[in-house]
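Asks: This is the structure I want to talk about, given as structure tokens.
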Amino acid sequence: MVYFVGAGCGAADLITVRGRNLLEKADVIIYAGSLVNPELLQYAGEGCELHNSAKLTLEEIIELMEKAEREGKMTVRLHTGEPSIYGAVREQMDELEKRGIAYESCPGVSACFGAAASLNLEFTLPEISQSLIITRMAGKTSVPEKESIESFAAHGASMAIYLSAGMLEELSKRLVEGGYRKETPVALVYKATWPEEQSCLCTIETLAGTARERGISKTAVVLVGDAIAQSGYARSRLYAPDFETEFRKPRGIK
């Protein structure tokens, strides 16, 4: 059996209880060494095989999983953040299915949520934004044309932009071309929830310069939208005195 486990975005204690339990039971752990906090490997049991996938190809990773399965061992594939977001897990699962190897997924905390927690942000503020778009710039891996930064920016919603810290001049240009104001608030968060985390609030116009001043060019998430300012929003209707729910009558009505 193979378990795809989300390691969380940095801090070792942000892995789920289920994920930690799986690490403790694993006979083989294949971890994304360039991104996963090495402290998590302390949960591995004595005698557990550890393999750093940073230097491996997909075929080599599958070969390790297949070997473990033949030997009756349980494997944990430890991915950074939340595996369903830029985790390249589907291609691994398809290869396992071809070989008749069972697998399951265990979720993790993605960087945009770790960053929001560090800054005490809420992405969905009434009358400001009720949607969060998670995307990235095209780089070595292309992005479908219909999912361009400009097309998403046109919505004016909150955005979390991954894998783009080395292209901030271009990102800022395209965000404005899509419809955001130059003054739109931005949070740039480097290595969210790690001990070396850096976070800074700026605007689309000042984003690239802020990153240069801080020496940030990778491993950062960019949060964009008016919700980042955490102001000017309306109160939630859910907790309004005159709002009726299954559990609460409007105040003043028997």
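Asks: If you stretched the chain out fully between residue 127 and residue 74, how much longer would it get, using 0.36 nm times the residue separation minus the C-alpha to C-alpha distance? Please list the in-between numbers first.
Replies: On the way: separation 53, 0.36 × 53 = 19.08 nm, distance 4.83 nm.
Net length gain for the segment: 14.3 nm.
Asks: Could you work out what % of the accessible surface of the chain is carbon and sulfur, using a 1.4 angstrom probe and leaving DNA, RNA and ligands out of the count?
Replies: Values: 6840 of 13800 Å².
On the chain, the fraction of accessible area on carbon and sulfur atoms equals 50 percent.
Asks: Below 13 angstrom from the Cβ of residue 241, what's the summed charge of the other residues (Lys, Arg +1; Asp, Glu -1)?
Replies: Details: positive: 235, 237, 248, 249, 251; negative: 242, 244.
Once positives and negatives cancel, what remains is +3.
Asks: Over the chain, give the accessible area per residue in Å² for a 1.4 Å probe, as an integer. Display every interim value, and only then the final one.
Replies: Details: 13800 Å² over 254 residues.
Roughly 54 Å² per residue, with all protein chains present.
Asks: Now for a separate question. First select every other residue whose beta carbon is under 9 angstrom from the beta carbon of residue 190; then total the charges, Lys and Arg +1, Asp and Glu -1. Mind dumping the intermediate values first?
Replies: Numbers: positive: 191, 214, 218; negative: 196, 197.
With Lys, Arg at +1 and Asp, Glu at -1, the neighbours total +1.
Asks: For the range 127-142 and the range 14-47, what is the separation of their Cα centres, given in Å?
Replies: First find each Cα centre; the distance between them is then 29 Å.
Asks: Can you give the FRET efficiency to the nearest 0.05 for residue 212 and residue 88, using r as the Cβ-Cβ distance and R₀ = 30 Å? It would help to have the intermediate numbers written out before the result.
Replies: Numbers: r = 30 Å, r/R0 = 1.00.
Efficiency for this residue pair is about 0.50.
Asks: On to the next question. From Cα pairs below 8 angstrom and at least 6 apart in sequence, can you work out the relative contact order of the range 7-72, rounded to a whole percent? Display every interim value, and only then the final one.
Replies: Details: 60 pairs, mean separation 20.7, N = 66.
Here the relative contact order equals 31 percent.
Asks: Rounding to the nearest 20 debye, state how big the charge dipole of the range 14-107 is about its Cα centre with +1 on each Lys and Arg Cβ and -1 on each Asp and Glu Cβ.
Replies: Working: 11 positive and 17 negative charges, 36 e Å.
Its charge dipole is roughly 180 debye.
Asks: Search the structure for amide H atoms under 5 Å from the amide H of residue 4, placed 1.01 Å from N in the peptide plane, and list their residues when 5 or more places away or on another chain.
Replies: 77, 104, 105, 106
Asks: Okay, moving on. May I ask you to list the aspartates and glutamates whose Cα is less than 14 Å away from that of residue 218, ignoring any residue fewer than eight positions away on the same chain?
Replies: Within reach: 169, 196, 197.
Asks: Would you list which aspartates and glutamates come within 19 Å of residue 67, measuring only between C-alpha atoms, while excluding same-chain residues fewer than 8 positions from it?
Replies: Hits, sequence-local ones excluded: 27, 49, 59, 91, 94, 95, 97, 104.
Asks: Then there's this: So how compact is the range 34-146: Cα radius of gyration and Dmax in angstrom?
Replies: Cα only, the range 34-146: 17.6, 56 Å (Rg, Dmax).
Asks: Which of 83, 107, 195 moves the most in a Gaussian network model of the chain with Cα springs under 10 Å?
Replies: 195
Asks: Taking the Cα atoms of the chain, what is the range of coordinates along each of the three principal axes, in descending order and whole Å?
Replies: Computed over the Cα atoms, the extents are 62, 57, 36 Å.
The values are calculated or read from the model by the stated rules, or taken from the named source; none is laboratory data. What you see is a predicted model, and the numbers here were worked out from it, not measured in a lab. Quick reminder, even Gly has a Cβ in these numbers, built from the backbone with ideal geometry, and neighbours come from all protein chains shown. These area figures cover heavy atoms from the full protein model, side chains too; ligands, DNA and RNA do not enter into them. Shrake-Rupley method; radii C 1.70, N 1.55, O 1.52, S 1.80 Å.
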